[in-house]
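*Asks:* Below: one structure in structure tokens.
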Amino acid sequence: MRHTGLKIRMALVGAILFAFYSVAVAAAWFFFGQTQTILGIAIVGSILLVGVQYKVGKWAALRSVGAEDMDEQRYSRIHQRVEALSRDMGIEKPTLKVARMGVPNAFAVGRKGNGTVVVSEELIQILDNQELDGVLAHELSHIANRDVVTMVIGQGIASVVGIVAQYIVLFTGDNDIADFFLAIVVGNLVQFFVMLFVLAISRYREYVADADARQAIGTGEPLARALEKISQGNQRSQESRVDENVSALCIFGESTSLLTKLVSTHPPMEKRIQRLRS
Amino acid sequence: MVGVRELLAVGLGVLLGVALLAKPREMLLLSVFVGPTQRRRRGGEYGSDADDPFGAWAPWFVRAVGLACLLVAAYIAYTNLV
């Protein structure tokens, strides 16, 4: 994996997240007794939290979309392509599942060596073979780059920092309603703040997965076309919704504000397409 | 004399309450409960996030929490600051 610029930004944001975590653990140790037991509880507790989030997250992801094993006979081409792409990327072939999600979508869960890629039937229907290869290569890159685990760790750090901040405020106060309320507010604000960095990492990982997918299939054009096709379909459906229900969109219409961009898991579609074609 | 904690509770409570009322969707998406991995599969099309990962009721729930925040902040302000 090259992408030096992205790697530097990832390392920077990762270091900030690690700093948040270190400060939270150090604060827990300082405020709750300064013993090794507290330090142990804080570290083991965080590892357990991330472990549980990872396991439950994977199970819930597959269950929520009703993913079923992808039939090797019916989807033989997809199985063959994933096997070849996995070999090229140096990972074990992940489990392939298909789901009826109502929208064209695909996602990866799990880790390198035990990953699962879920593809929606709608996506298989609207994309041609090359475009589907682009999407599959992108999802395999997420597994190869351990993106799912990275995101779970990021969310875990946000949770731990928020919880520690909340308990520090709670246990250092007078235990009245103002302290109780302040603890909840501080915990949430701190967690929101840390999540901004986690989401920044998520957007960087998308660019990296796009670049790796382009490298794996030799060109970025099929994935760019796939994104364009899905994006145009999405726009058309939004336009028809405008005709049907203009007032609703006036209140909740699509916003491209800085805050909306900051809370997105994906970079803007047009930027991704532009990079894939550059 | 009013304590720093009471002032912070009112100030930060109002800040959080206003944020939840004004930008419920964005605040929901910042929560660890609606993390990146969930949002990729909950109703969003490939390459984008779901508009409402937990359905249309979720922003209204967030607004209700925001309103509750403002009410509690107002109560603390009334009992401690007035």
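The values are calculated or read from the model by the stated rules, or taken from the named source; none is laboratory data. These numbers come from a predicted model, not from an experiment. Neighbour counts run over all protein chains shown; Cβ positions are idealised from the backbone, glycine included. Side chains included, ligands, DNA and RNA excluded: accessible areas come from the protein's heavy atoms. Shrake-Rupley method; radii C 1.70, N 1.55, O 1.52, S 1.80 Å.
*Asks:* Which percent, to the nearest 5, of DSSP beta bridges fully inside chain A are antiparallel?
*Replies:* 60
*Asks:* Further, regarding this structure: Once the piece of chain linking residue A:80 and residue A:26 is laid out straight, how much longer is it, given 0.36 nm per residue of separation minus the C-alpha distance between them?
*Replies:* 14.5 nm
*Asks:* A further question on this structure: Would you be so kind as to list the residues of the stretch B:3-22 that have their accessible area lowered by at least 20 Å² in the full protein complex compared with their chain by itself (1.4 Å probe)?
*Replies:* Going by heavy-atom accessible area, the residues of the stretch B:3-22 that drop by at least 20 Å² are B:5, B:6, B:9, B:12, B:16.
*Asks:* Sticking with this one: Give me the distance between the Cα centres of the stretch A:67-139 and the stretch A:175-236, rounded to whole Å.
*Replies:* Here the answer is 21 Å between Cα centres.
*Asks:* Still on this model: Given the convex hull of the Cα atoms of the protein assembly as shown, what is a quarter of its surface area in nm²? Please list the in-between numbers first.
*Replies:* Working: hull surface 80.1 nm².
Answer in nm², one decimal: 20.0.
*Asks:* Another question, then. Would you mind telling me the antiparallel percentage of the DSSP bridges in the stretch A:1-155, rounded to 5?
*Replies:* On the way: 8 of 13 bridges.
The antiparallel fraction comes to roughly 60 percent.
*Asks:* How big is the B-A contact in terms of buried accessible area, both chains counted, 1.4 Å probe, rounded to the nearest 100 Å²?
*Replies:* Numbers: alone 6080 and 15870 Å², together 18100 Å².
What B and A bury together is about 3900 Å².
*Asks:* Sticking with this one: More than 25 angstrom separation, counting every C-alpha pair in the stretch A:36-180; what % is that?
*Replies:* That tail contains 42 percent of the Cα-Cα pairs.
*Asks:* For the cross-link pairs A:55/A:271; A:7/A:261; A:229/A:271, which exceed 25 Å when the distance is taken from alpha carbon to alpha carbon?
*Replies:* Result: A:55/A:271 exceed 25 Å.
*Asks:* Is there a simple number for the mean count of other chain Cβ atoms within 10 Å of the Cβ of residues in A:100-109, and what is it?
*Replies:* Mean partner shielding for this stretch: 4.
*Asks:* How well do other chains shield peptide A:154-165, expressed as the mean number of their Cβ atoms within 10 Å of each residue Cβ?
*Replies:* Per residue, the number of nearby Cβ atoms from other chains is 2 on average.
*Asks:* May I pose another question? Determine the calculated [θ] at 222 nm for chain A from helices alone, applying -39500 (n - 2.57) to every DSSP H run no shorter than 4 residues and normalising by the residue count; nearest 500 deg cm²/dmol.
*Replies:* -25000 deg cm²/dmol
*Asks:* Taking R0 as 35 Å, what's the FRET efficiency between residue A:36 and residue B:4 from their Cβ-Cβ distance, rounded to 0.05?
*Replies:* 0.65
*Asks:* Provide the FRET efficiency to the nearest 0.05 for the residue A:69-residue A:175 pair, computing r from the beta carbons and using R0 = 56 Å.
*Replies:* Result of the calculation: an efficiency of 0.55.
*Asks:* Write down the Kirkwood hydrodynamic radius of the stretch A:5-100, to one decimal in angstroms, obtained as one divided by the mean of 1/r over all alpha carbon pairs.
*Replies:* Final number for the Kirkwood radius of the stretch A:5-100 is 17.5 Å.
*Asks:* Let me ask you something else. Can you pull the mean other chain C-beta count within 10 Å for peptide A:142-149?
*Replies:* Average per residue, whole number: 1.
*Asks:* Let me ask something additional. Run the accessible area of the protein assembly as shown with a 1.4 Å probe and give the carbon-and-sulfur part as a rounded percent.
*Replies:* Working: 11080 of 18100 Å².
Heavy-atom surface of the protein assembly as shown belonging to carbon and sulfur, 1.4 Å probe: 61 percent.
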